[in-house]
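Read-outs throughout are calculated quantities, based only on the coordinates presented, and are distinct from any laboratory measurement. Computed from a predicted structure; not experimentally measured. For neighbour counting, all protein chains shown are included, and Cβ atoms are generated from backbone atoms with ideal geometry for every residue, glycine included.
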Amino acid sequence: MTMVKIQIDGKQYEVKQGKNLLEAGLTLGIDIPHFCYHPAMGSVGACRLCAVKKFRDADDKQGRIVMSCLEPVTEGMIIETRDDTSKDFRASVVEGLMTNHPHDCPVCDEGGECHLQDMTVMTGHNYRHFDFKKRTHNNQYLGPFIAHEMNRCIQCYRCVRFYRDYAGGKDLNVFSSHNHVYFGRHEEGTLESEFSGNLVEVCPTGVFTDKTFHKHFTRKWDLSNAPSVCTGCSVGCNIIVSERYGSLRRVMNRYNGAVNGYFICDRGRFGYEFVNDEKRIRTIKIRHKKNDNQEEAENETLISLLKTELSKDKRIIGIGSPRASIESNFALSTLVGKENFYHGISKKEHLLTDTILNFMKQSSIRTPSLKQMEKADAVLVLGEDLVNTAPMVALALRQSTRNKSFETAEKNGIPSWNDAPLRELAQDEKSPLFVITSFKDSLDEIAENSIRESYDGIANLGFAMAGLLDTKAPSPSNLNKEHQNLAEKIATILKNAKNPLIVSGVHSGDERMVQAALNMAKALSSVNKNCMLSMVLPESNSMGLAMMPGKSLDDLASLEEIDTLVVLENDLYRRASEKSVNALFEKSKKVIVLDHLINKTTQRADLLLPAATFVEAEGTLVSHEGRAQRFYKALPDKEPVMESWRWIGEMIQAKEQKQEATWKRFDDLVASLTHELPVFDGLEKHMPDADFRMLNEKVPRQTLRYSGRTSMNAKVAVSETRITLDEDSPLTFSMEGQSEMPPSSLTPFYWTPGWNSVQALYGYLDEPNGSMKGGDPGIRLIEPAENDNTEYFKEMSSTSENHERELQIVPVYQIFGSEELSTKSPALAKRIKDPFIYLNPEDAKAVGVDDDELVHLEIDDNKLEIKVKIENSLPKGVVGMAKNFPEMPFVMLPGYGRFKKINS
Amino acid sequence: MERPLTEHIKPGAPPLTFEEYRKAGGYEGVRKALKEMSPTEVTNLIKDAKLLGRGGAGFPTGVKWSLVPMEPDRSKPKYLVCNADEMEPGTFKDRYLLEGNPHQLIAGMIVAAYAIQADKAYIFLRWAYKKAEKALRKALAEAYEAGYLGENILGSGFNLDLNIHVSAGRYICGEETALLNSLEGKRAIPRTKPPFPAASGLFGRPTVVNNVETLSWASHIVSHGAAWFKSLSLTETGGTKIFGVSGRVKNPGLWELPMGTTVREILEEHAGGMTEGYRFRGALPGGASTDFLVEQHLDIQMDFATVAAAGSRMGTGTMIILDDKTCPVAFLKNIERFFALESCGWCTPCREGLPWVEKILTAIEEGRGRMEHLDTLKSQTKYLAPGHTFCAHAPGAAEPLQSGLKYFHDDFVQHIHDKKCPWK
């Protein structure tokens, strides 16, 4: 990296060439006020707040005002940020914005973390000269997530630049002109983008605020926060979770330069409300006799029962969960023994996940981080509807298609941060992206080719491309001419790309498709060493679970009788057919279930234990990248709710009739985990343990301005209560401690002097849009092997011929609806569609149904009535069916089914 | 005196047809450029002639053309755009040329397009110019018919497709990059510069944007030469200029006169002096976005450099006269209201500053003004300076205001002191 020497305010600095002055200043810790610049979106020069004075040379005493965001740093540059002209000008910019901005900070949800407030103070604008009426706007209803207050708008254009340019949204725009510019929808209605929640953080003031937060609003300074990891999908975005009065108040993005950067999806941001659900399991419940009701019980009763039910002569089976932490799963495995530990996922999912994990371990192909995916210059998506199964991967691929335009711009002397000229020059120029799926995809609009095929067709294309890239790879013989040409085109482009990427996953549930993707990656890596492969998994800890020994749910069928069945955070009715799960419970004499919310499985429990959610516990999740990341407790303990691993620790204690606790602290558990399973060694070596201290102090969860500690409990006791102790982590439930620059994985909030808004993040990064100081959080547990030991999968014959009279039904996942816990969040629940099937118009005609009509569907043993959505993009003979929706019975997909119109 | 631009324009009569204009020698420059000259020779000729852009900024046209990359392989397609979105208050010179002699513009555009080797050209026309649109469409059809537009023009191998785009009607579209955004179907907001349109213009391709009057010259200069063009002028800048006067004068209108004609001559000889009973107080020399000239400036020559030396800009060369029976505060308020409404809303100083200026002027005119308002107005003119804003819109709006505050200070104070407008 070439450096250039520049002078700012009389001091000499070395900064990276190619950056603009604003970026350079923010990197150096020089407070240059700004609004419209955003590190992920670059500069456009609209707000004029980042004005500084530039001097031609040392003899130039006059200087001239320039916008630092549009000024490339050059050798010998002389800049003043503190001279009167630029200071006055910046204050005038804020004064101009303040002519119309309502002075409603006390009732504005942004107050206290408002970029506009920070900039007003920073620029020194104080006394108001404007003595006329303000212009006002009408606000819009924008759906259950986002509140709209247009009068607060300062027209920085960040919202539309994020929503449209960055995230590809269509239904937010800027209307009208002069001082009437209006940012909103063409008409009232729900914002459709899956990433709309980022407006809350992108907006520098209170135009777009979090509606779910408003329901239990708390000022930023009064929140108690913890670094956390999203449990919405397998991507593992970093989040900050915040608490007040014992309830979870909101989720915000937590920066991770290697993963989610500045943004998260709406499932991650708004899917948290289930934690506060009134129907949370908060007591121990025991069913004393079969067919009795579950009754609340005391801990003593439980312990004595556990001693009986878990005694050593009993056959105890444990079922883990891909949505529970590694540590909780490991605890269960320890309780029941490896041979009795089951992963709690279907045989097919177990097989596919295992296939992928083995491939990742043995192949020399790199599994990229989200940030590396953004850098890919040619991408193939095989059979995965990413915006619904791993939304942030879709957003990363959207950015990857811009790489070609960055190249063109560079050739024309336009730096990548100069956003508007770059887009004008590049117009529709895009890096190639190929989307091969069964139905419409959000990435279609930016794809070079979108191919709609049946699962067999998709797999065939994958195998064919593998065969074209490497003659050793098996290849199908029956490809039609059109597909042959397409396969050749895609294979050639990927082969010649600098950083080609293949993205697929297990959501199809199709073994051939997964094998095709892996063969394709192996073949591509034989001709292009930079090839990357990312395989999306179903849940937040699918990968972590796969890394532990254990069997599938289906393997339980062969057991005749179970004395005690322990189910960890897992609704088995979402994993297997009702019949088989019923059979499992019937052959289990006692069922112990640990979970957060009531579901069909918890209803079968003889012992139901209130398990802490991810915001009430410490734990580690492994993303599909193989990145282990830890989440920390934000909510203090509320007895008897406990972390699952602690409950299981008590079970072990009971079983072994021991006096002392199995694991006193979380770190003890991690120690046994890494001892038993060395694959997790990194957790102990690289993650700060509970004894970690900064200058002998813990890291406070609360800001210095946290208020009310002495009084918030006054209705219970007048004397100040003791703070909840946290023995499991280096964090403390207090504002006292060492809050300055904790390690990146322990950062509970962002605050630096003068910066109360989320932009305080600048102080935590090595440079804007860079890495967290000291390195981004998370430890990659799986790195590419030095020598590739993978084998090509042999071509399997497809199974479709056997189902002539039926249609193939493939799963359709939805960002809102397909993930279990988030669907229990009231705001997000409003976004869930009715269960539906997609039918191709011809197939619909054959059945005689129209859009929104009901059909009778028979698949396996299931008979259900379901709404039809005509979907033109589906190939004939393929039906899409909403997958894992609340209240829908489990159906193993892909499958084959018959339809009949329901005559009303 | 030669009047090359207007000699064929007869108010009231229809414009010359293609055949009539060709016979009059109007397309001679096209023939000569395409048959006898290389594109670079054409550009150099325009450079030599010192043709300065007639849209208001006075940028050397030949230099603008010479910035367009000419490597045959890397720069296709290229575009030529005629800025016919004439919306400067008090300015109506392009309208006269468009309605009066559309073939002159077309001939000029063919020459210009040839010089930069553009494949496609657009006339970005003000929506209200219905008569001009009709005349242009007819002329275009004739030119296509005659083989002067389309493929392989005059057997030269040069192709040009020329289209008319009727603007939706925003003043900011006169800013060339906002015009390009609008032409692309985007919001009419100016673009970040650099890059300039010559490098990345319409649809990201090399583009030249020229004013109607500027382009109308191109064919004439090719047929008659640079020396002839220079000889038309009284100053260093070549050519004649269409000057205009509006306001309370005896004979408001437009005249094609040598560049460098004095303000006094234009005002007294051609416009016939002030209407009986009205006294001259000041003039905006080149549209609403220029500084006032007053009595002491009447003998300066109308040219870019000379007017600039007097602290204003020649702009479009069409003056608006302020007389003694018009309130200067109300006059300015009208102007600033226009600029406030026509701000695109992109950058803060312009979007927030101009409505504030307008509100203050309204308050002063209505007798609600305070002396502090004058300080605010003064600081606004500094705040809206070039370089502070994203484009030249607000600095243009600040020009009549800053000079008005200087020359008509007493009128402002009287409004504030009397709490009413002395003209009402």
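Spin-label model, B:Ala13 to B:Asp48: label points 7 Å out along the Cα-to-beta-carbon direction sit 3.4 nm apart.
Can you give the local net charge around A:His129? Use residues other than it whose beta-carbon is closer than 10 angstrom to its beta-carbon, Lys and Arg +1, Asp and Glu -1.
Taking every Cβ under 10 Å from that of A:His129, the sum is -3.
When chain A is described by a simple charge dipole with +1 on each Lys and Arg Cβ and -1 on each Asp and Glu Cβ, the residue from A:Val718, A:Ala51, A:Ala420 located farthest towards its positive end is A:Ala51.
Across the options B:Asn152, B:Leu136, B:Val68, the greatest Cα extent toward the positive end of the charge dipole of region B:60-181 (unit charges at beta carbon of Lys, Arg, Asp, Glu) belongs to B:Leu136. Computed log10 I(q)/I(0) for chain A at 0.04 Å⁻¹: -0.19, from the Debye equation with unit scatterers placed on every C-alpha and solvent omitted. Under a Cβ-Cβ cut-off of 14 Å, what is the net charge of the residues other than A:Val66 that fall near it, where Lys and Arg count +1 and Asp and Glu count -1? Local charge sum for A:Val66: +3. Note on chain B: GNM, Cα springs under 10 Å; of B:Gly387, B:Gly150, B:Gly244, the largest mean-square fluctuation is that of B:Gly387. Relative to one another, the C-alpha centroids of region A:482-507 and region A:106-174 are positioned 43 Å apart. In whole Å, what is the distance between the alpha-carbon centres of region A:36-99 and region B:179-205? About 24 Å separates the Cα centre of region A:36-99 from the one of region B:179-205. Around the amide H of A:Lys590, modelled in the peptide plane, lie the amide H atoms of A:Thr564, A:Leu565, all under 5 Å away and 5 or more residues distant in sequence or on another chain.
State, as an integer percentage, the relative contact order of region A:350-537 based on alpha-carbon contacts under 8 Å between residues 6 or more apart. Answer for region A:350-537 is 29 percent. Put in line by how crowded their Cβ is, counting other Cβ atoms within 10 Å and starting with the fewest, B:Thr17, B:Thr240 read B:Thr17, B:Thr240.
Per residue of chain B, the DSSP helices (runs of n ≥ 4 H) give a summed -39500 (n - 2.57) that works out to -12500 deg cm²/dmol at 222 nm.
Springs join every pair of Cα atoms under 10 Å in this Gaussian network model of chain B, and among B:Ala227, B:Ala340, B:Ala115 the largest mean-square fluctuation is at B:Ala227. Per residue, the average separation of C-alpha pairs within less than 8 Å and at least 6 apart gives chain A a relative contact order of 14 percent. Summarising the label geometry, the points placed 7 Å from Cα in the beta-carbon direction at B:Leu298 and A:Glu783 lie 8.7 nm from one another. For chain B, complete DSSP H runs whose alpha carbons reach 20 Å or more along their own long axis and whose mean Kyte-Doolittle score is 1.0 or higher are B:102-116. Is region A:800-901 best put as rounded, prolate or oblate by its Cα gyration tensor, with a ≥ b ≥ c the root eigenvalues, rounded for a/c under 1.5, and otherwise prolate when a/b is larger than b/c, oblate when not? It is prolate, given that a/c is not under 1.5 and a/b is the larger ratio. Once the Cα-Cα distance is subtracted from the 0.36 nm per residue extended length, the A:Ala583 to A:Ala717 segment shows a gain of 43.2 nm. Is any residue of region A:458-487 close enough, with backbone N under 19 Å, to a label point placed 7 angstrom from the Cα of A:Lys430 along the Cα-Cβ axis, and if so, which? Of the residues in region A:458-487, A:486-487 have backbone N under 19 Å from the label point off A:Lys430. A Cβ-based charge dipole, computed about the Cα centre of chain A with Lys and Arg at +1 and Asp and Glu at -1, lands at about 940 debye. Each Cα pair under 8 Å and six or more residues apart adds its separation to the average, and for region A:2-112 the resulting relative contact order is 29 percent. With a sphere of radius 10 Å drawn around the Cβ of B:Lys333, what net charge do the other residues whose Cβ falls strictly inside it have (Lys, Arg +1; Asp, Glu -1)? Neighbourhood net charge equals -2.
Computed about the Cα centre, the dipole magnitude for region B:240-323 is approximately 200 debye when only Lys and Arg (+1) and Asp and Glu (-1) carry charge, each at its Cβ. Between B:Ala128 and B:Lys250, what FRET efficiency comes out of the Förster formula 1/(1 + (r/R0)^6) with R0 = 25 Å and r the beta carbon distance, rounded to 0.05? After rounding, the FRET efficiency stands at 0.40.
Out of B:Pro190, B:Pro14, B:Pro60, any idea which swings most in a Gaussian network model of chain B, alpha carbons joined below 10 Å? Maximum among the listed residues: B:Pro14. With the cut-off at under 11 Å, measuring from each backbone N in region A:308-351 to a point 7 Å along the Cα-to-Cβ line of A:Asp555 picks out A:338-345, A:347, A:350-351. Under 5 Å from the amide H of B:Val209 lie the amide H atoms of B:Val81, each residue being 5 or more positions distant or on a separate chain, with H modelled from the backbone and absent for Pro and chain starts. Sorting A:Cys108, B:Cys350, B:Cys173 from the fewest to the most surrounding beta carbons within 10 angstrom yields A:Cys108, B:Cys173, B:Cys350. Structure note, pairs A:Lys314/A:Lys655; A:Lys347/A:Lys863; A:Lys498/A:Lys522; A:Lys285/A:Lys824; A:Lys867/A:Lys900; A:Lys440/A:Lys883: Cα-Cα distances above 18 angstrom occur for A:Lys347/A:Lys863; A:Lys285/A:Lys824. When +1 charges are put on Lys and Arg Cβ atoms and -1 charges on Asp and Glu Cβ atoms, the dipole computed for region B:1-117 relative to its Cα centre reaches about 160 debye.
Treat the count of other C-beta atoms within 10 Å as a stand-in for reagent exposure and order B:Glu151, B:Glu236 from fewest to most. Mind dumping the intermediate values first?
Details: B:Glu151 10, B:Glu236 14.
Going from least to most buried by this count: B:Glu151, B:Glu236.
With a cut-off of 14 Å, note down the residues of region A:299-322 whose backbone N falls inside the zone around a label point 7 Å from the Cα of A:Glu676 toward its beta carbon. A:317-321, by backbone N distance to the label point.
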